[in-house]
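Encoded as structure tokens, the structure appears first; notes follow it.
The values are calculated or read from the model by the stated rules, or taken from the named source; none is laboratory data. For clarity, every value in this text was computed on a predicted model and none was experimentally measured. Please note: Cβ atoms are built from the backbone with ideal geometry, for glycine as well, and neighbour counts cover all protein chains shown.
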Amino acid sequence: MAYVDGFLLQVPTKNIAAYKKMSAKAGEIWMKHGALDYKECAGDDYNAEGMATTFPKAMKLKPGHTIVFSWATYPSKAERNRILKNVMADPAMKMPKTMPFDPASMLYAGFEVIVDMAPNAAPKRAKKSAAKKKAVAKKKARR
């Protein structure tokens with residue numbers, strides 16, 4: 001079953017461009033090591049009429065900050081564990097001296113996907129990718 005790492009954090013709105021640059025580099029590293037998808041999303045509509053709470057209330061959003069909701073998708077939890085190990089060991093995964101957000105404000109958790117309505121759902125892509133790799137290996141073995 002597919003697996004997702006989810007993140008919620010506050011970024012000073014004035015630092016969104018720097019955060020975007022930093023997270024784009026991180027996303028490239030995650031994808032290089034096998035993540036199926038990587039998203040970073042900046043909140044722009046916090047209106048939730050009728051809800052008991054909202055993202056800004058739950059996160060105690062500071063004035064002048066934007067909520068960023070991020071996730072990385074993997075074929076399975078085992079693959080996520082392997083990929084994270086490789087990501088953290090990658091020399092390109094250096095933390096900047098000054099971060100564009102306060103890491104203490106970040107929430108993180110891993111989630112098993114229980115419903116996936118995407119037309120190219122992660123498990124299907126993973127199976128196709130594995131089948132393709134197997135076919136390529138078989139072809140090379142015949143040479």
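Candidates are the residues of region 1-60 that are buried (at least 18 other Cβ atoms within 10 Å of the Cβ) and among the acidic types (Asp, Glu); the one that is farthest from Pro75 (Cα to Cα) is Glu40.
Taken residue by residue, region 38-59 has no member that is under 28 Å from Pro91 (Cβ atoms), of a type in the set (D, E, K, R) and touching a residue at least 60 places away in the same chain (Cβ under 8 Å).
Here His65 meets each of (1) surrounded by 10 or more Cβ atoms within 10 Å (Cβ to Cβ); (2) at pLDDT 95 or above; (3) more than 14 Å from the chain's Cα centre (by Cα); (4) under 23 Å from Val4 (Cβ atoms) with one exception, condition (4). In the set Ala130, Ala141, only one residue is outside any strand (DSSP E or B), at pLDDT 70 or above and out of contact with any Pro (no Cβ under 8 Å at 6 or more places or on another chain); that residue is Ala141.
Taking (1) touching a helix residue (DSSP H, G or I) at 6+ places or on another chain (Cβ under 8 Å); (2) at pLDDT 95 or above in turn, Met1 satisfies each apart from (2). Exactly one residue out of Thr66, Thr13, Thr73 is touching a strand residue (DSSP E or B) at 6+ places or on another chain (Cβ under 7 Å), in contact (Cβ under 8 Å) with a residue 60 or more places away in the chain and not small (Gly, Ala, Ser), and it is Thr73.
Candidates Pro96, Pro100: the one that is in a loop (DSSP other than H, G, I, E, B), of a type outside the set (D, E, K, R) and within 28 Å of Asn47 (Cβ to Cβ) is Pro100.
For region 1-47, a tally of residues being of a type in the set (A, V, I, L, M), more than 14 Å from the chain's Cα centre (by Cα) and not in a loop (DSSP other than H, G, I, E, B) returns 4. With respect to Ala48, is the statement that it is out of contact with any helix residue (DSSP H, G or I) (no Cβ under 9 Å at 6 or more places or on another chain) and of a type outside the set (Asp, Glu) true? Criteria not met by Ala48.
For region 50-60, the condition of being at pLDDT 95 or above, within 23 Å of Ile16 (Cβ to Cβ) and among the hydroxyl-bearing types (Ser, Thr, Tyr) holds for none of the residues. One residue alone among Pro103, Pro123, Pro96 is modelled with pLDDT under 95 and surrounded by fewer than 10 Cβ atoms within 10 Å (Cβ to Cβ), and that residue is Pro103.
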